[in-house]
Number of protein chains: 2
Amino acid sequence: MRRTVAVALTLGLSSLLLAQETSTPALLGFSAATSSTEQQWEKKFRALPEAKRIHDNMEHLAAHPHHVGSPYQRKNAEWVMSQYKSWGWDAHIEQFDVLFPTPKERVIELLGPTPYKAKLDEPPLPGDPYTKDRADQLPGYNIYSADGDVTAPLIYANFGLPADYEELRRNGISVKGAIVITRYGGGWRGLKPKLAYEQGAVGCIIYSDPLDDGYGKGDVLPKGPMRNADGIQRGSVSDTTMFAGDPLTPGIGSVPGAKRLKIEDSPVIMKIPVLPIGYGDALPLLSSLDGRVVPAAWRGALPITYHFGPGTAKVHLKATFNWDTRPVLDVIATMKGSEEPDVWIVRGNHYDGWVNGADDPISGQAALLEEARSLGELAKQGWKPKRTLIYAAWDGEEPGLIGSTEWAETHADELNKHAALYINSDENNRGFFNAGGSHALEQVINDVAKDITDPETKTSIWKRQQAARLMGGRGAATEGGASRADVLKRATLSLGAIGSGSDFATFIDHLGIASVNLGFGGEDSSGTYHSAYDTPWFIEHFGDKDALYGPTMAQTAGTLVMRVADADVLPYDFTILTETVRGYSTELKALIKTMQRDAATQKRNMDLGLYALMADPQKPMELPVTLTSPPDYDFTALDASIASLDKAATHFHEAEAGMITLTPEARKSLNAHLALSERKLTSEAGLPRRPWVKHVLYAPGVYTGYGAKTMPGIREAIEEGRYDEAKQQMTIVTKALNDEAAYVEGIASSAK
Amino acid sequence: MRRTVAVALTLGLSSLLLAQETSTPALLGFSAATSSTEQQWEKKFRALPEAKRIHDNMEHLAAHPHHVGSPYQRKNAEWVMSQYKSWGWDAHIEQFDVLFPTPKERVIELLGPTPYKAKLDEPPLPGDPYTKDRADQLPGYNIYSADGDVTAPLIYANFGLPADYEELRRNGISVKGAIVITRYGGGWRGLKPKLAYEQGAVGCIIYSDPLDDGYGKGDVLPKGPMRNADGIQRGSVSDTTMFAGDPLTPGIGSVPGAKRLKIEDSPVIMKIPVLPIGYGDALPLLSSLDGRVVPAAWRGALPITYHFGPGTAKVHLKATFNWDTRPVLDVIATMKGSEEPDVWIVRGNHYDGWVNGADDPISGQAALLEEARSLGELAKQGWKPKRTLIYAAWDGEEPGLIGSTEWAETHADELNKHAALYINSDENNRGFFNAGGSHALEQVINDVAKDITDPETKTSIWKRQQAARLMGGRGAATEGGASRADVLKRATLSLGAIGSGSDFATFIDHLGIASVNLGFGGEDSSGTYHSAYDTPWFIEHFGDKDALYGPTMAQTAGTLVMRVADADVLPYDFTILTETVRGYSTELKALIKTMQRDAATQKRNMDLGLYALMADPQKPMELPVTLTSPPDYDFTALDASIASLDKAATHFHEAEAGMITLTPEARKSLNAHLALSERKLTSEAGLPRRPWVKHVLYAPGVYTGYGAKTMPGIREAIEEGRYDEAKQQMTIVTKALNDEAAYVEGIASSAK
């Protein structure tokens, strides 16, 4: 699975304060003396990761198809475990038995006078030996589609998101009883069949338009890295915005004896059949459509005029599945902490692929293994982490973050007590550093990034990301609302908020464990995502073939692990958190104003009869849906809770030097508390209609999927016109922020 | 030829003042009593135009190919003249003999292992009988290309505009010695071969990408109205930004005995061969290109990855021409004024097409003829225009505004003394009213537009255009910088500035005659522009087949003609002119600030080494061209001249009621002066390097072609880094504005 770029945040951070912090010689959470020791160990560590080993890891793990339950995935699990053991880690495999349907029948046919039967096949690529290894390949499908066999007219719905259905409606088109064809992109794939079903469609086809990752972006396979006409994007359509993991065991681990939902009762499994196709198969289908020409923004790169449809010919869509239970095999490796073993740092990357998955996820897993080997080597040299490290190779991420979720749900009580941090990565590529996550961690991540050398420019990865933000465009990760000039003045580059799409989701959204997601990329393009063509051969020809950024990734995540594991005081910064939260509040106020203005403008336009004046009698359009105007909310309590958090953060900051000089025993108790500080930012009840999602600041958007919504309870209620609910949610967020303020204040006071 | 949308203007007009004006019952320039008479005549006039006659005019004029010098164009000229005579007008044909090259040989071949010979042909369209009439068709070519026969590597240069060559350079690509292939769009076609030559290219191919008016926009011929793979856009590449008309007689009429340049000495004829092609012929050429993939904005809708090139195969381009002299036949019809015959109102639309030209220009010419017939009819009923009407059917517009230019240059002395107004139209389509031109005319045009009923919505064409501006998007003509809210408050919809691209250019740019350009459109799409497929059959199937907007156009232009011809005092409004000019000054100040900021940002980026930090070692990019920072200019004198004009405008406005009550003789003298007021806005020396262009407020942009540059002497000098020249030009504009102020002040005083 792949994380998409996180939603933008607003930060109005005082640069002065940060400038002071960065001018302090000691590392955050360390004394001058312990800083120096730490820096020596980190330096030794960073000399250890080897590109060749990472490349070899990649070739080994991605040598054969290795999806959930496949023979090679079992071999990989055992190999990964044995590697950890050989490096001196404790390691074991934890197995969860989960619902993992695989295709039985897949049919898409255009009927009528010029019939076409979709190939639904990814033939071997000339030159790429891996693609010949077809016996164990899963064919192209969307896991957690419903079984179905339907024949119906076809309608093109662009990305299949809410605004697209509004456009269809204004053009007088309903998808009721139709099969919807949507293109990939614009939002998370699972939303497409979900919304199609809600709109009354009986089936859904998702295709990869060449505009998005085919010849519209660059030369296609085998000449170039982009998707050819056969390439199919597999992927889960389980509604992970509601809950992640096994669709049958929300909130609990899929262990023997766990209470399971019936398949038909799982709310995250789709209600209509859905299949993904390549653009070779899409062309005859889209060419068959009549009706009005679509708006310019709906056009892809196929050499046709795109129409809404339907055409005269119907489409037959059949998809049936073997609804089997398969094993998910997480490899869990542990290095016990020397002083505070009950404070845990969890580090993970998945290792299941849709097919060979050389890029997704093995490019990241290969680097993670080298990071773990290097830490093992460092431990042999005498380094001892104060806190316990738990390194995980997650299985079953692709179907729905299953390995990480089932493990985290199974161990929820322990994690709640012990976990200070979860560090995630997924695929890793050549280019720019990108990080997102909990804002209490922004300072330490920035500090680490300043210490890592970019292999291409020989400056720090921080400097390079700063350059990208200053220049805009390629490689620039989300800059949380700060203007370009601010980027230059600020001591930190803001973290983007994270929603879902990779294994951090359960840790942050469900358990409220401070989490970050790290990676590199932005230089090499590829169109092999979730296809049979994501192989080691592809990496050799079009990817980071020398694993240039493998060691960099290992150095970055490993240094962060060490920094947090070794610090005298856990290196959280609540000042940045506060400023970020204040930015969210400001954004909400602006959102309300914008919605009020838009509703007023629409009302004026209606009152003035402008829609009638604009109308082309030869192409009548329905009136737009009437926009509602949100009320003016009272932000006093919410803003007061932010002010309390601000005060607490300042007190914590002032008390920090004192904390560092406490006795180890006193620090142990303090850190044990501190590790849990992110938990206060959750609500036990969870979000409305999705109780599994408990964090009050970050959640996957119901209509974005991967993309984060910040203060999601309030924001989504306002956006969707549930104005009373927004008010209730404001109370919940206010309470969480007051709890967090009191908690941080308590820790600060205890250190006096 | 087609006018493209004019450049945006800023107007900060006092809505109060205008509200007073519009609440005055009398028409601008009329007394209460004469207003009433005028309104009765106008009402009678507007009942006369008949759609059927306009449709018949179209079918007659576009029945056969009728380019300059063709047999049918001669017939059309005589028919138009006879029509005028039958309606009671004086009419005659004026002939000019001009350089009109036609193709001798046209070859484009891709050489190498998979050769391709371009068809360069527009075969008859199944169903369209007109397209079978091929004997008199001119094939696809760009008139005023050089003769040439070159074989060279091919490079794709997007639109072929300056920023595109900067992109090529940054990617390490030079077009020196190459043939450049550019797509239509982004700027005037003549710039493409001109810039290619300046960059060292030896030939130029211009193609119609399907994204721009082919299947990327809608269904193609014969199923839909958009350009099919064969359709070729003909068109002039004469550098009309320098001067319009016969390339051999700048500034003088092409009459017998006129001094002509040698062909090789004409600065407006291209120095390299250039040919236009359809996308069927473009596909093999573009497919042959290698090298880097182009930026996303360069991509068209062909089903390939677009590369910069070159490829391994070279291209052979041969274009030779018969450099003949051909007759241009303007039909000039006159209705003499009853009281002030020496004040002229000139009204024109061209009637030469590239092939059948049913839309361009006949849709406009057909309506103009009905307007003239209706005025003739009105005269029979007893209406007498105070001032002289000159109605023109221009020939030779397509090759370079030749008919209008040669006529205007020939009659320059008389026009200078007599012309109060030139009203232009070109093709006319279904939809929204659009007007651009001299801002002293904004009020009267708005007044007229409020009196014309839109045939589709039954409100005024003014209301409908206002709706389009308020809603944005489709049908909205340039709103001169006014925000949406202002549009609702203001009593006038601002006029866009006009540059070139239709027959108004010589009148306004060269002679300083107040000019406007009128038309309707925005509802029907078409891809037949300048192709053999722009026929009556096309109009019947995809255009305004009932000529719904023909009578509307006749009513609009005819009412404007009557309003200006009949007014007691010529209906100019210098207040709006002043506010518009003040807006230009504000824009220049903002332009300077933007350029200063951009230069500073670039310097910062250079100093910080950000380009190196952004660099992908696998795809090195050259540094961007260093931006220069314009100095701070002293606007005191310019702004003082605007203040003087403001004062004069107010005085004129205050004196207006008194002017209306002057004796007819006194008014005659006053109007004779007033008619010339736009002339003061010219400079005798003309613009730097293009002395033919004399207006100081409006000119076709050297790098936009059709699009206007406002205060062009100053603006282009700043944009192109000629900072001293900008200062000199500021003096020239200041002088013109002071002259205008003094002139208007003089007229206002004389009326006291």
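In segment A:265-294, what residues are of a type in the set (Ser, Thr, Tyr) and out of contact with any helix residue (DSSP H, G or I) (no Cβ under 6 Å at 6 or more places or on another chain)?
If we filter segment A:265-294 for residues that are of a type in the set (Ser, Thr, Tyr), which is where we start, we get A:266, A:279, A:287-288.
Of everything in segment A:265-294, those that are of a type in the set (Ser, Thr, Tyr) and out of contact with any helix residue (DSSP H, G or I) (no Cβ under 6 Å at 6 or more places or on another chain) turn out to be A:Ser266, A:Ser287, A:Ser288.
In segment B:84-118, which residue that is among the aliphatic types (A, V, I, L, M) and part of a loop (DSSP other than H, G, I, E, B) is farthest from B:Gly278 (Cα to Cα)?
Of the residues in segment B:84-118, the ones among the aliphatic types (A, V, I, L, M) are B:91, B:93, B:98-99, B:107-108, B:110-111, B:118.
With part of a loop (DSSP other than H, G, I, E, B) added as a condition, the list becomes B:111, B:118.
On the way: B:Leu111: 19, B:Ala118: 9 Å.
By that ranking, first place goes to B:Leu111.
From the list A:Val702, A:Val744, pick out the single residue that is in a loop (DSSP other than H, G, I, E, B) and surrounded by 19 or more Cβ atoms within 10 Å (Cβ to Cβ). It would help to see each step written out before you state the result.
Details: A:Val744 fails: in a loop (DSSP other than H, G, I, E, B).
Among A:Val702, A:Val744, only A:Val702 is in a loop (DSSP other than H, G, I, E, B) and surrounded by 19 or more Cβ atoms within 10 Å (Cβ to Cβ).
Does B:Leu570 satisfy the condition of being in contact (Cβ under 8 Å) with a residue 60 or more places away in the chain, among the aliphatic types (A, V, I, L, M), closer than 30 Å to B:Gly713 by Cα and crowded, with 24+ Cβ neighbours inside 10 Å?
Working: in contact (Cβ under 8 Å) with a residue 60 or more places away in the chain: yes; among the aliphatic types (A, V, I, L, M): yes; closer than 30 Å to B:Gly713 by Cα: yes; crowded, with 24+ Cβ neighbours inside 10 Å: yes.
Yes: the conditions hold for B:Leu570.
Being out of contact with any helix residue (DSSP H, G or I) (no Cβ under 6 Å at 6 or more places or on another chain) and within 27 Å of A:Lys104 (Cβ to Cβ) is the filter here, so list the residues in segment A:246-264 that pass it.
Answer for segment A:246-264, where residues must be out of contact with any helix residue (DSSP H, G or I) (no Cβ under 6 Å at 6 or more places or on another chain) and within 27 Å of A:Lys104 (Cβ to Cβ): A:Pro247, A:Leu248, A:Thr249, A:Pro250, A:Pro256, A:Ala258, A:Arg260, A:Leu261, A:Lys262, A:Ile263, A:Glu264.
How many residues, within segment B:420-475, are facing chain A (nearest Cβ under 8 Å) and hydrophobic (A, V, I, L, M, F, W, C)?
Of the residues in that region, 4 qualify.
Which one of A:Asp395, A:Asp359 is of a type in the set (Asp, Glu), under 30 Å from A:Asp219 (Cβ atoms) and in contact with an Asp or Glu (Cβ under 9 Å, 6 or more places away or on another chain)? Full working, then the answer.
Details: A:Asp395 fails: under 30 Å from A:Asp219 (Cβ atoms).
Only one candidate qualifies: A:Asp359.
Across segment A:496-531, what is the total count of residues that are β-branched (Val, Ile, Thr) and over 18 Å from A:Phe433 (Cα atoms)? Let's see the steps before the verdict.
The first filter runs over segment A:496-531 and keeps only residues β-branched (Val, Ile, Thr), leaving A:498, A:506, A:508, A:513, A:516, A:528.
If we keep only those that are over 18 Å from A:Phe433 (Cα atoms) as well, we get A:506, A:508, A:513, A:528.
Qualifying residue count, segment A:496-531: 4.
Taking the options B:Gly658, B:Gly609, B:Gly583, name whichever one is of a type outside the set (Lys, Arg) and on the phi > 0 side of the Ramachandran plot.
On the way: B:Gly658 fails: on the phi > 0 side of the Ramachandran plot; B:Gly583 fails: on the phi > 0 side of the Ramachandran plot.
After applying the criteria, what remains is B:Gly609.
Which of the residues belonging to segment A:36-83 are part of a helix (DSSP H, G or I), surrounded by fewer than 20 Cβ atoms within 10 Å (Cβ to Cβ) and either in contact with a Gly (Cβ under 9 Å, 6 or more places away or on another chain) or among the aromatic types (Phe, Trp, Tyr) (or both)?
If we filter segment A:36-83 for residues that are part of a helix (DSSP H, G or I), which is where we start, we get A:36-46, A:51-61, A:71-83.
This time we only want the ones that are surrounded by fewer than 20 Cβ atoms within 10 Å (Cβ to Cβ), so: A:36-37, A:39-41, A:43-44, A:51-52, A:56, A:59-60, A:71-72, A:74-75, A:78-79, A:81-82.
Scanning segment A:36-83 gives A:Trp41, A:Ala51, A:Tyr72, A:Trp79.
For segment B:286-308, what are the residues that are within 29 Å of the chain's Cα centre (by Cα) and more than 9 Å from chain A (Cβ to nearest Cβ)?
Selection gives B:Ala297, B:Trp298, B:Gly300.
For B:Pro124, which of the numbered conditions (1) part of a loop (DSSP other than H, G, I, E, B); (2) in contact (Cβ under 8 Å) with a residue 40 or more places away in the chain fails to hold?
Exception for B:Pro124: condition (2).
Filter segment B:185-227 for residues that are without any contact (Cβ under 8 Å) to a residue 60 or more places away in the chain and of a type in the set (D, E, K, R) and give the result. Before you say what the answer is, go through the steps one by one.
Restricting attention to segment B:185-227, the residues satisfying the condition of being without any contact (Cβ under 8 Å) to a residue 60 or more places away in the chain are B:185-186, B:195, B:198-200, B:219, B:223.
Listed by number, the residues that qualify are B:Glu198, B:Asp219, B:Lys223.
Which ranges mark the helices (runs of 4 or more DSSP H) fully within segment A:129-238 that have 3 or more residues being over 22 Å from A:Leu110 (Cβ atoms) and within 21 Å of the chain's Cα centre (by Cα)? Walk me through it before giving the result.
Numbers: elements: A:162-170, A:191-198, A:210-213.
Counting at least 3 such residues, we get A:191-198.
So for segment B:560-572 (the condition being under 30 Å from B:Pro49 (Cα atoms), of a type in the set (Asp, Glu) and within 14 Å of chain A (Cβ to nearest Cβ)), does at least one residue qualify? Break it down stepwise before answering.
Kept after step one, since they are under 30 Å from B:Pro49 (Cα atoms), are these residues of segment B:560-572: B:560-572.
Still in the list and also of a type in the set (Asp, Glu): B:566, B:568.
The next check asks that each one be within 14 Å of chain A (Cβ to nearest Cβ); those that pass are none.
There is no residue in segment B:560-572 that is under 30 Å from B:Pro49 (Cα atoms), of a type in the set (Asp, Glu) and within 14 Å of chain A (Cβ to nearest Cβ).
Among the strands (runs of 3 or more DSSP E) confined wholly to segment B:302-421, which include 1 or more residues that are assigned by TED's automatic domain parsing to the domain that holds B:Phe542 and crowded, with 24+ Cβ neighbours inside 10 Å?
Those strands (runs of 3 or more DSSP E) span B:325-335, B:340-350, B:387-394.
Within segment B:591-626, track down each residue that is in contact with a Gly (Cβ under 9 Å, 6 or more places away or on another chain), of a type in the set (A, V, I, L, M) and in a loop (DSSP other than H, G, I, E, B).
B:Met621 - this is the single residue of segment B:591-626 that is in contact with a Gly (Cβ under 9 Å, 6 or more places away or on another chain), of a type in the set (A, V, I, L, M) and in a loop (DSSP other than H, G, I, E, B).
Exactly one of these conditions fails for B:Leu737: (1) surrounded by fewer than 19 Cβ atoms within 10 Å (Cβ to Cβ); (2) touching a residue at least 60 places away in the same chain (Cβ under 8 Å); (3) more than 30 Å from B:Leu195 (Cβ to Cβ); (4) not small (Gly, Ala, Ser). Give me its number.
So the condition that B:Leu737 fails would be (1).
Within segment A:683-695, is there a residue that is in contact (Cβ under 8 Å) with a residue 60 or more places away in the chain and polar (S, T, N, Q)?
Checked against the condition, which is being in contact (Cβ under 8 Å) with a residue 60 or more places away in the chain and polar (S, T, N, Q), segment A:683-695 yields no hits at all.
Give the residue that is farthest from the other protein chains (Cβ to nearest Cβ), with candidates limited to residues of segment A:605-644 that are surrounded by 14 or more Cβ atoms within 10 Å (Cβ to Cβ) and touching a Phe, Trp or Tyr at 6+ places or on another chain (Cβ under 7 Å).
A:Pro630
Tell me which residues, restricted to segment B:253-285, are hydrophobic (A, V, I, L, M, F, W, C), over 24 Å from the mean Cα position of the chain (by Cα) and not in a loop (DSSP other than H, G, I, E, B). Show your work before the answer.
Start the filter on segment B:253-285 by keeping residues that are hydrophobic (A, V, I, L, M, F, W, C), which leaves B:255, B:258, B:261, B:263, B:268-270, B:272, B:274-275, B:277, B:282-283, B:285.
Within this subset, residues satisfying the condition of being over 24 Å from the mean Cα position of the chain (by Cα) are B:255, B:258, B:261, B:263, B:272, B:282-283, B:285.
Selection gives B:Ile263, B:Ala282, B:Leu283, B:Leu285.
Return the only residue of B:Gly253, B:Gly311, B:Gly337 being within 14 Å of another protein chain (Cβ to nearest Cβ), in contact with a strand residue (DSSP E or B) (Cβ under 9 Å, 6 or more places away or on another chain) and not basic (Lys, Arg). Reasoning before the result, please.
Values: B:Gly253 fails: within 14 Å of another protein chain (Cβ to nearest Cβ); B:Gly337 fails: within 14 Å of another protein chain (Cβ to nearest Cβ).
Selected residue: B:Gly311, the only one of B:Gly253, B:Gly311, B:Gly337 that is within 14 Å of another protein chain (Cβ to nearest Cβ), in contact with a strand residue (DSSP E or B) (Cβ under 9 Å, 6 or more places away or on another chain) and not basic (Lys, Arg).
The values are calculated or read from the model by the stated rules, or taken from the named source; none is laboratory data. Since this is a predicted model, take the numbers as computed values, not measurements. We place every Cβ from the backbone using ideal geometry, glycine too, and count neighbours over all the protein chains shown.
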